[in-house]
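I have placed the structure first, in the form of structure tokens, so that the comments after it can refer back to it.
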Amino acid sequence: MKRNIQGNIIAVSMANLRAKIMSVFFVFINIMLSIVPIAAQQPDSAYIRSYPQIIWATGYVSTNTLQVENDNNTFSPNYPINAGIGLGIRNTMVNFLLGHSIVPLKGDKYGKTKAVDLQVHSYGRHHLIDLYYQKYRGFFSEDENTLRLYPGLSVQQIGMEDTYIFNGNQFSAKAAFEQSEKQVLSAGSFLLGGGAYWHRMVPDSTQELLDAEPFNNVQLGINTGYAYSWVIDQHWFVTGMATAGANFGNETELAKKGRLKLYPTVMARASSVYHKDDWSIAFSMLIHNKAVYAPVNDLFTLTSLNMQLSFVKQLNYIFKKQE
């Protein structure tokens, strides 16, 4: 009976911890949403131009991966190349991408990775929202002489972030990473953001890897940074965006006891865009780096990387009205 009562107390405490973390995050999001006055939502036409077309269609190829570093060792998944399509309707909430894995990037000797990688990146006038769910199982480690496989190593993370763009009426994240607008004059902006994250790591029991049992980790944090788009000529511009900050949290059993640690975090985005009157081509990259501690104070670094080459076509109508 005593064990059951303790188990219930632990379950309730964990639920309360997660609820508190999520409630604090959503309060932070509401505060950030309230920063922007309604009148500031219109872009400065001297810096940002809209396409006259109503719809944009996208075709792309991309790669996503999640790497783990521990004690000077790097563990990588045999991640795939993806291909997909997308559609957006201007001045509405309709904007989506659909993708499918094609082939693993490396051969069979690097093992097999089972991966679920779902990401949503919403680029608004003043708010950039990132949501993701990533689960990778099956990694390898390679040095100059040895290739080792870790089929049982599993890493899972869920996260959401909101980044406020102070100068969103002149700097366009939509132009840089969505190609639904044009950046016609160089501009930059300071950034302020925050996020909530949950991680789970399961070491490979078949290898002498990582002196830790499976564990969960929760974090909540804030970051700041800067973004800049450099317009090279009337058709080409490049963009860089970087934030750095700190998260607080710990392994869930320790966090519920108030034993919190500080974790550094860094996120960087970059893109290069060439655009014409009704089409554009772009290469973009996103890197997100976070630290995670196991209960035995073992430090892990998780690095999420996304690279994408996309072609965007601007359209007036999918179906033309009959005369």
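What follows is calculated from the coordinates using simple rules that are stated; it is not laboratory data. It should be emphasised that the depicted structure is a prediction, and the values quoted were computed from it without experimental measurement. Cβ: placed from backbone, ideal geometry, glycine included. Neighbour counts: every protein chain shown.
What's the extension gain from residue 112 to residue 158 if we count 0.36 nm per residue and subtract their Cα-Cα distance? Display every interim value, and only then the final one.
Numbers: separation 46, 0.36 × 46 = 16.56 nm, distance 2.23 nm.
Net length gain for the segment: 14.3 nm.
Here region 272-289 is scanned for amide nitrogen atoms under 16 Å from the site 7 Å beyond the Cα of residue 230 along Cα-to-Cβ, giving 272-274. Here the Karplus relation 6.51 cos²θ - 1.76 cosθ + 1.60, evaluated at θ = phi - 60°, turns the backbone of region 189-198 into coupling constants of 7, 6, 10, 9, x, x, x, 10, 9, 9 Hz, with x for every Gly and Pro. Summary of packing: across the peptides 248-259, 191-202, 163-174, the per-residue average of other C-beta atoms within 10 Å ranks them, highest first, as 163-174, 191-202, 248-259.
Taking the Cβ of residue 265 as the centre, find all other residues whose Cβ is under 13 Å away and add up their charges (Lys, Arg: +1; Asp, Glu: -1). The answer is 0. Contact order normalised by length for region 77-220, with contacts defined as Cα pairs under 8 Å and 6 or more residues apart; what percent is it? RCO, region 77-220: 18 percent. Residues whose amide H lies under 5 Å from that of residue 278, counting only those 5 or more places away or on a different chain, are absent; hydrogens are built 1.01 Å from N in the peptide plane. Distant-in-sequence amide contacts of residue 181, defined by a placed amide H-H separation under 5 Å and a gap of 5 or more residues or a different chain, comprise 175. Near the amide H of residue 172, within less than 5 Å, lie no amide hydrogens of residues on another chain or at least 5 residues away, with H placed in the peptide plane. Counted residue by residue at 0.36 nm each, then reduced by the alpha carbon distance between them, the extension gain from residue 315 to residue 103 reaches 73.2 nm. Here the Karplus relation 6.51 cos²θ - 1.76 cosθ + 1.60, evaluated at θ = phi - 60°, turns the backbone of region 147-158 into coupling constants of 10, 10, 9, 10, x, x, 6, 10, 10, 9, 8, 10 Hz, with x for every Gly and Pro. What does the net charge come to around residue 301 if you take all other residues with beta carbon closer than 15 Å to its beta carbon, with K and R at +1 and D and E at -1? Once positives and negatives cancel, what remains is -1.
Projected label points at residue 272 and residue 42, each 7 Å from Cα along the beta carbon direction, are separated by 3.7 nanometres. Put a dot 7 Å past the Cα of residue 287, heading toward its Cβ, do the same for residue 307, and the two dots end up 1.1 nm apart. Phi angles across region 100-111 convert, under the Karplus curve 6.51 cos²θ - 1.76 cosθ + 1.60 with θ = phi - 60°, into 3J(HN,Hα) values of 8, 5, 9, 9, x, 5, 10, x, 5, 5, 8, x Hz, Gly and Pro given as x.
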